[in-house]
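Engineer: Mind having a look at this structure? Questions to follow.
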Amino acid sequence: MKRVKAEIYRNLVLMFRNKWRLFDITIWPLILFFSLTLFIQFVNPDPNIFAVVIVGIIGWRAVYHMQIEANTTFMDHYWDKTLPHSMASPLTLFEMTASAVIMGFVKLVLVVCMILGLSVILYHFQIANVAAFLIGILVLCLAGIILGMITFGIVLLYNEHAIAFSWAIPDLVVLLSGAYYPIAIFPMWVQHISALLPPFWGFELLKSMYGYGQVNFPLLILSLAVWFIIAGIFLRWCYRKAKKDGRIGKFM
Amino acid sequence: MNVIELSGVSKHFGKIKALDKVSLTIKEGEILGLLGPNGAGKTTLISIMMGLLSRNDGKMTILGKNADTSWKDIKKNMNIVSGFSGVHPSMRVDEFLRYYALLYDIPKREQRMKEVMALTNISDKKTQQVRDLSAGYTQRVLFAKALLNKPKLLFLDEPTVGLDVEIGLKIKALVKRLGQEGTTIIFTSHNLHEVEEICTAITLIMNGRIKKSGTVAEFKKRSHKFMTLEITCLDVQKAAQKVKKYAKDVRIDGGTMYVDTDEKNQQAILDAVIKSGSKLHSFAIVEPTLEEAFLELVRKR
Ligand SMILES: Nc1ncnc2c1ncn2[C@@H]1O[C@H](COP(=O)(O)OP(=O)(O)O)[C@@H](O)[C@H]1O
Ligand SMILES: [Mg+2]
């Protein structure tokens, strides 16, 4: 627990020292929020569609924040050449990932509060079903953690060469999961792929509050469980391989 | 007690054999100089002993514990300073140390941080960001970090690389003192004078294999077969003529001559100087530096 605290402390210091990092929980989500809501307001659709877009934005941020943190934690260590020091301490890969999950969740809560607040004040938005909303966000958080574990593994193996890749994967997955549109707009084979992705079910749940989407709970739980196991095994395998190839203790 | 016991440790990166059946024991309180040319496998060996790199083969016991099952315990009691590692530049010195104090779960954290900053003479920079510090200070911050957990085993991988002489000296004094306090230290350096001064034992590693292990004195003695004599006498030129046939090389510098020779010719040379009638003032064996001994070993391959 102390070691998780240590990583969080380090992360917080770096965040407040490099102020542009705060953009991630201020400017960028605001830009995403306003670019979409202003556009929707202009099109002036059914209020339910408006609501779907707002929960979609929140859901996307959930995946993003839960995914990105483990990657940035690792890259901070990598660029600043502190990785060998920290990995030579009793810190484990699990603790490092856990601290990233906690950091990501705290940032997400701030962002969700901000977006919800603005939506309520500016657009009289209402959460139709608090339970569905919370479960939907939780599912997307777990999906983000899964994606984070997978991309973290890739970054462990390919370091800076994998950054662009591992930053792009989650957005692609979210896009395929129908963040604020029905996946029926995709060709059939893409729909089949989408249905295998945990984020799809999270977004379905959020959309279902406003009458657009159906959730198959057994499939939701199954896809989460299967992907968690796959991601866990993959991350472990990557860590072992990185340790074998000398990517953990490299003093460049 | 042996702090480290390695037997038959091998490591390859694809086709490169970085370590080939390395066996090594290091006793408690020893300051071991790990020497070897670039690419010999020093860093690879250190990384394996720290659990940062997995090995292909061999047994390893560290601090009396099996290194396959007890890394967490082992890691609590060791630490590292490397000349090629870093510090988060935007962190302040105290923040950086606090982070590691938390990682090592140091009791009385702030107190211990103060102690290590005092030990490494960085107390005055406590609240400065690391990016504003010189290379020498940054390295001392890393030393402070490495002392936080009072390690029983300390790895120093070229800790003085790229530092100016003065800082190098301070670090050397610190390492010496830690050794006297009973910390087992494994030290690699390109600077052989440094190793000679600090280390109690030396292991020479080349192409992933251990070439020789021994004390500094033993390392030097091996090269005594070829020794240098320093002779001063009244007529050096005349004496030099007589000595020549026993010597590999004779150099004259004012009233002194330096004679490189085989150990067994020592007596013959002394006799020759006396016989030449040039009135001997002094006759001494010049201690070879570790560097000479080392070069000789490396060349012998
Ligand atoms: N991560 C790695 N991947 C591939 N080869 C490596 C790696 N690390 C070290 N090597 C190789 O292993 C050998 C030993 O390297 P190293 O232990 O760094 O030597 P030293 O520290 O003695 O200079 C060298 O041939 C080096 O190129
Ligand atoms: Mg090296």
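Nothing in this text is a laboratory measurement; each read-out follows from the coordinates by a stated rule. It should be emphasised that the depicted structure is a prediction, and the values quoted were computed from it without experimental measurement. Cβ placement follows ideal geometry from the backbone for every residue including glycine, while neighbour counts extend to all protein chains displayed.
Engineer: Over the range A:2-251, how many pairs of lysines fall under 20 Å by alpha carbon, counting only those 8 or more apart in sequence or from different chains?
Structural biologist: Lysine pairs meeting both conditions in the range A:2-251 amount to 7.
Engineer: Calculate the length of the line joining the C-alpha centroid of the range B:146-223 to that of the range A:1-18, in whole Å.
Structural biologist: 33
Engineer: Given the options A:102, A:135, A:121, state which has the largest fluctuation in a GNM of chain A using a 10 Å cut-off (strictly under) for Cα springs.
Structural biologist: Comparing A:102, A:135, A:121 in a Gaussian network model of chain A, the most mobile one is A:121.
Engineer: GNM, chain B, Cα, under 10 Å: largest mean-square fluctuation among B:102, B:169, B:153?
Structural biologist: Evaluated over chain B, the most mobile residue of the options is B:102.
Engineer: Please list the non-local residues whose amide H lies under 5 Å from the amide H of residue B:80, H modeled 1.01 Å from N, same-chain partners needing a gap of 5 or more.
Structural biologist: Placed amide hydrogens put B:155 under 5 Å from residue B:80.
Engineer: Here's something else I'd like to know. So if we plug the beta-carbon distance of residue A:121 and residue A:39 into 1/(1 + (r/R0)^6) with R0 = 22 Å, what FRET efficiency do we get, rounded to 0.05?
Structural biologist: On the way: r = 19 Å, r/R0 = 0.86.
The value I calculate is 0.70.
Engineer: While we're here: On full extension of the chain, what length is gained from residue B:260 through residue B:135, given 0.36 nm per residue of separation minus the C-alpha to C-alpha distance?
Structural biologist: Working: separation 125, 0.36 × 125 = 45.00 nm, distance 4.14 nm.
This chain segment gains 40.9 nm when fully extended.
Engineer: A further question follows. Please turn the phi angles of the range B:181-198 into ³J(HN,Hα) values with the Karplus equation 6.51 cos²θ - 1.76 cosθ + 1.60 (θ = phi - 60°), one per residue in order, whole Hz, x for glycine and proline.
Structural biologist: Coupling constants for the range B:181-198: 7, x, 6, 7, 10, 10, 10, 10, 7, 8, 8, 6, 4, 4, 4, 4, 6, 8 Hz.
Engineer: With Rg and the Kirkwood Rh both taken from Cα atoms, where does Rg over Rh land for the protein assembly as shown?
Structural biologist: 1.17
Engineer: Give me the mean projected area, in nm² to one decimal, of the convex hull enclosing the Cα positions of the range A:2-251. Provide the component values of the computation, followed by the final result.
Structural biologist: Working: hull surface 56.1 nm².
Mean projected area for the range A:2-251: 14.0 nm², to one decimal.
Engineer: While we're on this one: Starting from the amide H of residue B:205, placed 1.01 Å from N in the peptide plane, find each other amide H under 5 Å away whose residue is 5 or more places distant or on another chain.
Structural biologist: Under 5 Å from the amide H of residue B:205 lie the amide H atoms of B:35, B:36, B:211, each far enough along the sequence or on another chain.
Engineer: Moving on. Going 7 Å from the Cα of residue B:27 along its beta-carbon direction, which residues of the range B:206-222 have the amide nitrogen within less than 16 Å of the resulting point?
Structural biologist: Within reach of a label on residue B:27, which here means backbone N under 16 Å from a point 7 Å along Cα→Cβ, the range B:206-222 contributes B:213-219.
Engineer: Further, regarding this structure: Exposure proxy check: A:181, A:210 ranked by fewest other beta carbons within 10 Å?
Structural biologist: Fewest-to-most Cβ neighbours within 10 Å comes out as A:181, A:210.
Engineer: Turning to a different aspect of this structure: Please report B:48, A:40 as a ranked list, fewest other C-beta atoms within 10 angstrom at the top and most at the bottom.
Structural biologist: A:40, B:48
Engineer: Further question on the same structure: Using only Cα atoms, locate the centre of the range B:1-75 and the centre of the range A:74-90, then give the distance between them in Å, rounded to an integer.
Structural biologist: 20
Engineer: Could you work out Rg/(2.2 N^0.38 Å) for the range B:98-140, with Rg from alpha carbons only?
Structural biologist: 1.18
Engineer: Any idea how far apart residue A:190 and residue A:48 come out in nm if each label point goes 7 Å out from Cα toward Cβ?
Structural biologist: Modelled inter-label distance: 2.4 nm.
Engineer: Mean residue ellipticity at 222 nm from the helices of the protein assembly as shown, using -39,500 (n - 2.57) per DSSP H segment of n ≥ 4 over the full residue count, to the nearest 500 deg cm²/dmol?
Structural biologist: On the way: 21 runs with 302 residues, N = 553.
-17500 deg cm²/dmol, from helical runs alone.
Engineer: I've got another one for you. Between rounded, prolate and oblate, where does the range A:120-252 land on the alpha carbon gyration tensor, with a ≥ b ≥ c its root eigenvalues, rounded for a/c under 1.5, else prolate if a/b exceeds b/c?
Structural biologist: Here the range A:120-252 falls in the prolate category.
Engineer: Could I ask something else about it? In degrees between 0 and 90, to the nearest 10, how far off the longest principal axis of chain B does helix B:290-300 point, with axes built from Cα atoms?
Structural biologist: Around 80 degrees separate the two axes.
Engineer: For A:79, A:20, A:201, which order do you get if you count the other beta carbons within 10 Å of each Cβ and list the fewest first?
Structural biologist: A:20, A:79, A:201
Engineer: For chain B, place one equal point scatterer on every Cα, skip the solvent, and apply the Debye formula. What is log10 of I(q)/I(0) at q = 0.06, 0.07 Å⁻¹?
Structural biologist: Scattering profile of chain B, log10 relative to I(0): -0.28, -0.37.
Engineer: Another one. Helix B:93-103 sits at what angle to the longest principal axis of chain B, using alpha carbons and giving 0 to 90 degrees rounded to 10?
Structural biologist: Helix B:93-103 sits roughly 70 degrees off the main axis of chain B.
Engineer: Now, a different point. Relative contact order of chain B, please, whole-number percent, based on alpha carbon pairs below 8 angstrom and at least 6 residues apart.
Structural biologist: Relative contact order, chain B: 19 percent.
Engineer: Continuing with the same structure: Given an 8 Å cut-off on Cα distances and at least 6 residues of separation, report the relative contact order of chain A as a percent. Could you put the intermediate results ahead of the total?
Structural biologist: Working: 276 pairs, mean separation 65.7, N = 252.
Worked out over chain A, it gives 26 percent.
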